[in-house]
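Novice: Here you go, one structure.
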Amino acid sequence: MTAISTAELAELKQQIKRWGKQFGFQKIGVSDIDLSQHEHYLNRWLAQHFHGSMDYMATRQHLRTQPASLVPGTIRIISARLDYFTSATDANAVLNDKAKAYISRYALGRDYHKLIRKRLSQLAKQIDDYLQDNYSLDDTPEPHYQYRAFTDSAPVLERAVAEKAGLGWIGKNTMLLHEKVGSWFFLGEIYTNLPLPVDDDHQPNRCGSCNACQVACPTNAFAGPYQLDARKCISYLTIELKTAIPESLRKAIGNRVFGCDDCQLVCPFNKWRPVSKEQDFSPRHQLDNAALIDLFAWDEETFLHKTQGSAIRRIGYLRWLRNLAVGLGNAPSSQSIIDALKIRINHGSELVREHTRWALQQHKQRN
Ligand code: B12
């Protein structure tokens, strides 16, 4: 492998950051692969079963804390931030209108997984082309430099590596926070054996004595600062959980039918959030301001059509109806809502029937 000098690697890193911006990323940072501090946190979280039915969080645990086990040869991780808060109907206005369906901001537009993976792969190709062109790697024996792009669904501790790369600090709500832009962003990574210099301009933890997120969580899912019991988190209950939503938590869910943003909406660092210009993340099908009964009336074909290329597609039609039934059970009583629920009382799925019965029961008790 042609030796690239330290100065050339430092210049290459700055070049990668410029290319990252061209691919739409707001910030790029580089870290090493030592995640020993987070291994303890992850083990403690798993030992308390805070991962609930997310078995994937426990099965390949070591790969998560040892990047070089996931991709042998990895010595550096390039982390990338992509903002997603686009202009949409005010979140609190929808949350406060109990006949409306609240869909978390990250899922209003196009699914971010494919988009981020594609752009990171393009960035990796740009880096490799540059090295090929400038260091004529072709006529040197293998191994050349390697790149693997990841976002969300891989056994990667994304927040931990992004924190090490200077993209922000892990806040008490476990979100990665940046002092100027808050937490409304996605993360993605490139694992590589390119010996880039690491970024050491770490963001200090600015949570201080604030505990707004801890107090605001509708289901009290925080076992303490930095510790989220996912089994109680509305995002987990409406997205990850495949079975019945525990009755004891249904009221607190309110009209949140896909994901939850409460611990972000109250965070003081989200006050000045930038509005993303990413057209792909703009709300589709007025999902930022939809009535619960309208969405509950969708047949499966409409659901599949309206959620094409959206993160919502992941939960499938039955869980969509399950979540909406809970929302309708928490909505102000009206004949139209009761009629909409009665239409699904004999639905083919027991999951839908049971949550629909529960919703009708709520209205019966209230009237
Ligand atoms: C599993 C998962 C979930 C689960 C569990 C969340 C959780 N906190 O673990 C559920 C389904 C609940 C969830 C919800 C959401 N998620 Co999610 N999720 C993930 C996933 C796949 C793994 C997270 C993980 O490793 N959890 C393991 C536990 C142990 O980690 P942790 O709770 O974050 O704790 C860490 C720190 O708090 C720290 N820590 C623990 N204790 C202590 C103590 C101290 C003193 C300190 C300093 C640190 C510390 O160490 C732990 C390990 O790093 C990541 C993608 C990825 N591969 O990383 C996306 C990811 C974290 N999710 C993301 C998003 C956007 C969300 C939602 C906002 C979506 C929504 N609107 O509904 C919510 C936010 C809820 C929340 N407050 O976290 C983004 C976050 C981006 C950001 N700015 O931080 C990620 C990075 C996906 C992506 N690629 O963009 N998610």
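The values are calculated or read from the model by the stated rules, or taken from the named source; none is laboratory data. Everything quoted here is computed from the prediction, not taken from an experiment. Here the Cβ is made from the backbone with ideal geometry for all residues, glycine too, and neighbour counts use every protein chain on show. When the accessible area is computed, the model is the full protein with side chains, heavy atoms only, and any ligands, DNA or RNA have been set aside. Shrake-Rupley method; radii C 1.70, N 1.55, O 1.52, S 1.80 Å.
Novice: Output the residues belonging to the range 26-77 that are assigned to a strand (DSSP E or B) and within 16 Å of ASP152 (Cβ to Cβ).
Specialist: Passing the criteria: only ILE77.
Novice: If the Cβ limit is 8 Å and pairs must be 6+ apart or interchain, which residue in the range 297-323 that is closer than 13 Å to GLY259 by Cβ pairs with which residue that is among the small types (Gly, Ala, Ser) and modelled with pLDDT of 95 or more?
Specialist: From residues that are closer than 13 Å to GLY259 by Cβ, the pairs are SER310/ALA107; SER310/GLY109; ALA311/ALA107; ILE312/ALA107.
Novice: Could you list all residues from the range 159-192 that are closer than 15 Å to PRO67 by Cα and open to solvent by less than 30 Å² (accessible area, probe 1.4 Å)?
Specialist: Selection gives ALA160, VAL161, ALA162, ALA165, GLY188, GLU189, ILE190, TYR191, THR192.
Novice: Which condition number does GLN264 fail, the rest of (1) within 14 Å of the ligand (Cβ to nearest atom); (2) more than 18 Å from the chain's Cα centre (by Cα) being met?
Specialist: The one condition GLN264 does not meet is (2).
Novice: Moving on to the next point. Could you tell me whether any residue of the range 140-154 is touching a residue at least 60 places away in the same chain (Cβ under 8 Å), near the ligand (Cβ under 8 Å from one of its atoms) and touching a Leu at 6+ places or on another chain (Cβ under 8 Å)?
Specialist: Looking for residues that are touching a residue at least 60 places away in the same chain (Cβ under 8 Å), near the ligand (Cβ under 8 Å from one of its atoms) and touching a Leu at 6+ places or on another chain (Cβ under 8 Å), one finds at least one in the range 140-154, hence yes.
Novice: Restricting the search to the range 5-46, which residues are of a type in the set (A, V, I, L, M, F, W, C) and open to solvent by 70 Å² or more (accessible area, probe 1.4 Å)?
Specialist: ALA7
Novice: On to the next question. Could you say whether any residue in the range 298-319 is among the small types (Gly, Ala, Ser) and open to solvent by 50 Å² or more (accessible area, probe 1.4 Å)?
Specialist: Among the residues of the range 298-319, not one is among the small types (Gly, Ala, Ser) and open to solvent by 50 Å² or more (accessible area, probe 1.4 Å), which makes the answer no.
Novice: Separate question: Quick check on this structure: which one of THR65, THR86 is more than 13 Å from the ligand (Cβ to nearest atom), surrounded by 13 or more Cβ atoms within 10 Å (Cβ to Cβ), within 22 Å of the chain's Cα centre (by Cα) and among the hydroxyl-bearing types (Ser, Thr, Tyr)?
Specialist: THR86
Novice: Among the numbered criteria (1) within 8 Å of the ligand (Cβ to nearest atom); (2) open to solvent by less than 10 Å² (accessible area, probe 1.4 Å), which single criterion is violated by LEU228?
Specialist: The number of the failed condition is (2).
Novice: Just checking, how many residues over the range 199-208 are surrounded by fewer than 16 Cβ atoms within 10 Å (Cβ to Cβ) and either within 14 Å of the ligand (Cβ to nearest atom) or β-branched (Val, Ile, Thr) (or both)?
Specialist: Within the range 199-208, residues that are surrounded by fewer than 16 Cβ atoms within 10 Å (Cβ to Cβ) and either within 14 Å of the ligand (Cβ to nearest atom) or β-branched (Val, Ile, Thr) (or both) number 5.
Novice: Follow-up question, since we're still on this one. So for the range 89-106 (the condition being away from the ligand (no atom under 13 Å from the Cβ) and open to solvent by less than 10 Å² (accessible area, probe 1.4 Å)), does at least one residue qualify?
Specialist: Yes, the range 89-106 has at least one match.
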